[in-house]
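Only the coordinates and a few stated rules stand behind these numbers; no lab work does. The structure displayed is predicted, hence computed values, not measured ones. Methodologically, a virtual Cβ is constructed for each residue, glycine included, from the backbone with ideal geometry; neighbour enumeration extends over all protein chains shown.
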Amino acid sequence: MSNLNNVKKTKVGVWLDKKNAIIVTLYNGEISINTILSNIEDYHIHGGSGTRLKGGPQDVVQDSKYLEREKHQLKRYFNDIITKIKRAHVIVIFGPAETYTKLSKELINHHKDLSKKVKDVVKIDSMTKRQVIAWVKAFFKEKRL
């Protein structure tokens with residue numbers, strides 16, 4: 001009869017921002033790292049008024065077209081990440097800005113089984129790859145997951 005408490009679990013930490021994701025997988029004392037590029041286009045508004053006068057000529061900015069395109073690009077990015085983490089037993093998601101929370105919401109709304117494995121969602125500043133690895137190891141050690 002095997003002791004279930006001794007079963008090794010795949011622990012995954014996902015640090016992400018709008019440019020890339022660093023996925024750290026801990027299993028049986030081994031560490032693997034995957035980096036996924038988002039390929040999300042940068043967006044800069046170039047519109048505005050050519051004059052200081054009210055009612056002067058203005059450029060029309062295609063915000064809705066951009067936002068729709070970004071939504072599809074984010075969905076593709078998240079699917080790439082989900083493909084890499086779907087075998088995890090426990091997951092932590094962290095990062096700066098808001099992309100990490102969008103991934104968490106994507107899991108809750110469209111990948112319920114995977115969202116149940118998320119143990120925490122943490123706002124954290126930009127990090128180097130080495131800092132991400134150290135943070136993930138410390139998180140799972142501290143939480144005893």
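Bridgeable lysines around residue 86 (alpha carbons under 18 Å apart, same-chain partners fewer than 8 residues away excluded): 8, 9, 11, 75, 102, 105, 112, 116, 117, 119. Projected onto their three principal axes, the Cα atoms of segment 99-140 cover extents of 31, 20, 13 Å, largest first.
If you take all other residues with their beta carbon under 11 Å from the beta carbon of residue 66, and give Lys and Arg +1 and Asp and Glu -1, the sum is -2.
By the rule of a C-alpha distance below 17 Å, with chain neighbours fewer than 8 residues away ignored, the aspartates and glutamates paired with residue 84 are 17, 30, 106, 113.
Quote the Stokes-Einstein diffusion coefficient, in whole µm² s⁻¹, for segment 71-145, based on the Kirkwood radius over alpha carbon pairs, a temperature of 37 °C and a viscosity of 0.692 mPa s.
Working: Rh = 13.1 Å.
Translational D for this selection: 252 µm²/s.
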